[in-house]
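Nothing in this text is a laboratory measurement; each read-out follows from the coordinates by a stated rule. The structure displayed is predicted, hence computed values, not measured ones. So basically every Cβ, Gly included, is an ideal-geometry build from the backbone, and we count neighbours across all protein chains shown.
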Amino acid sequence: MSDKNPAPHASTPAADPVARVASIADLLRRAAPENEKLGRLTPEVVDKLHEQRLFRLLLPAAYGGDEADLATWFRSMEAIAKNDASTAWCVGQINGCAASSAALAPEIAQKMWGSNARAALSWGPPIQSRAEETEGGHLLTGEWGMSSGSRHASWLGLMAPVFDRAGKPVPLPQGVSARIFFVPADAVEWIDNWDVIGLNATCSGGYRLAGRFVPAGYSFSREHLPDVRLPGALFKFPLNSLFATGFSGVSLGIARAMLNEVMTLAREKTPRLAKSTLRDNHHVQFQIGDAEARLRSARHYVESTVTRVWEEVVTSGKLTIERRIDIRMAATFAIHEANKVADTVWQIAGATAIFSSSAFERRLRDIKTLTQQVQGRQSHLQDVGAYLMGLEPSLAFA
């Protein structure tokens, strides 16, 4: 089914998004190799994601979304990633972008999301771009890349510096890193340049356009909180907090799937020239125990942190810098603990892991790719440490 055609709606979808993920988990798991081969999510997977409203978890309720709390968001992303990381990554990117609709005028947001049950927004950073002021809006020209899930989106975001009619740069407000303009996905020319080792099916390739008119109102500041027009607790969080929470869930979901699979393998596999199964190897027993402790600890750290921060925001109506740093610290730590677990699994599985038909090879490539993405930078912990020692906080990724 085409992404542009209406999807059949689930007759009575479960209220809990994690339960909705569970209802299509078998399909997501079975489709993962085909996603990989296709280089994007299969039409059946996209249909099911829409049917279960999983692209609308962070969309405001006012525009037909779930407006989920942070812990539910985290658990949902983890649940999807246990089955396929590329699917989870697309869901994560599209949802993070959807949350920004809280900063748009309601009539614009309704046009983008309220009139189309399959509406979805994705964006990526610019390679080169400019927005020129003109009567009633802006003219956008440029090329953008790294836009995960963009081939399943109905709207695309275009980050661009703004120039006035005399060709002079228009300064951004203090604290704003970029302005993002929105165009229908069919306005762009696609660039097939997503040739990577992991998360292949996110199809995070590029797109370009020249001289496209974007009406006034179809844009917002990347740091959108000052412009938020809706009262919900979700809209007190910067986009980086939402992306960090969700993508840490992806890393933990990948690692959990790998660890479960290697424990099954350990019961069955006797390595070449060995006299007993992996399960009976004392070093493997230690590795499994250590990995399980790491994974449970990292998962609890994120889940308890986002639950605590969410409850504080609901009560106070404010998100403090300290709590933003808490989320950044937990998410970054969890991503790298999950990566360590994946490395341990790879070692235990031995030669079994290197075959593309195994339960390990694609997942290892996916988690290694995840750690290279901006949310996976271990250097975020330097920013955390600097703040904890009383230095000026760096909030670029918090």
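Structural remarks
- For the chain, a simple Cβ point-charge model (Lys and Arg +1, Asp and Glu -1, everything else neutral) yields a dipole of about 580 debye relative to the Cα centre.
- Calculated P(r) of the stretch 237-388 - Cα pairs past 21 Å, %: 49
- Over the C-alpha atoms of the stretch 120-275, the Rg to Rh ratio, Rh being the Kirkwood estimate, stands at 1.15.
- Most positive-pole-ward Cα, Thr202, Ala291, Gly232, against dipole of the stretch 155-299 from beta carbon charges: Ala291
- Spherically averaged projected area of the stretch 17-114 from its Cα convex hull (nm²): 5.9
- Cα point-scatterer Debye curve for the chain, base-10 log of I(q)/I(0) at q = 0.07, 0.12, 0.13 Å⁻¹: -0.33, -0.94, -1.09
- Sorting the segments 244-254, 161-171, 53-63 by their mean number of nearby beta carbons within 10 angstrom, highest to lowest, gives 244-254, 53-63, 161-171.
- The simple spin-label model puts a point 7 Å past each Cα toward its Cβ; for Asp280 and Ser316 those points are separated by 5.7 nm.
- Directionally averaged projected area (the stretch 94-175, Cα convex hull): 6.4 nm².
- Among complete DSSP H helices in the chain, those whose alpha-carbon atoms stretch at least 27 Å along the helix's long axis and whose mean Kyte-Doolittle hydropathy reaches 0.0 are 239-268, 321-349.
- With the simple model of a label 7 Å out from the Cα in the direction of the Cβ, Ala15 to Ala117 spans 2.1 nm.
- Sparse-neighbour loop sites [chymotrypsin sites (Phe, Trp or Tyr not before Pro); the stretch 308-398; at most 15 other C-beta within 10 Å; DSSP]: Phe355
- Rough spin-label spacing in nm, given labels placed 7 Å along Cα→Cβ, for Ser356 and Arg267: 3.0
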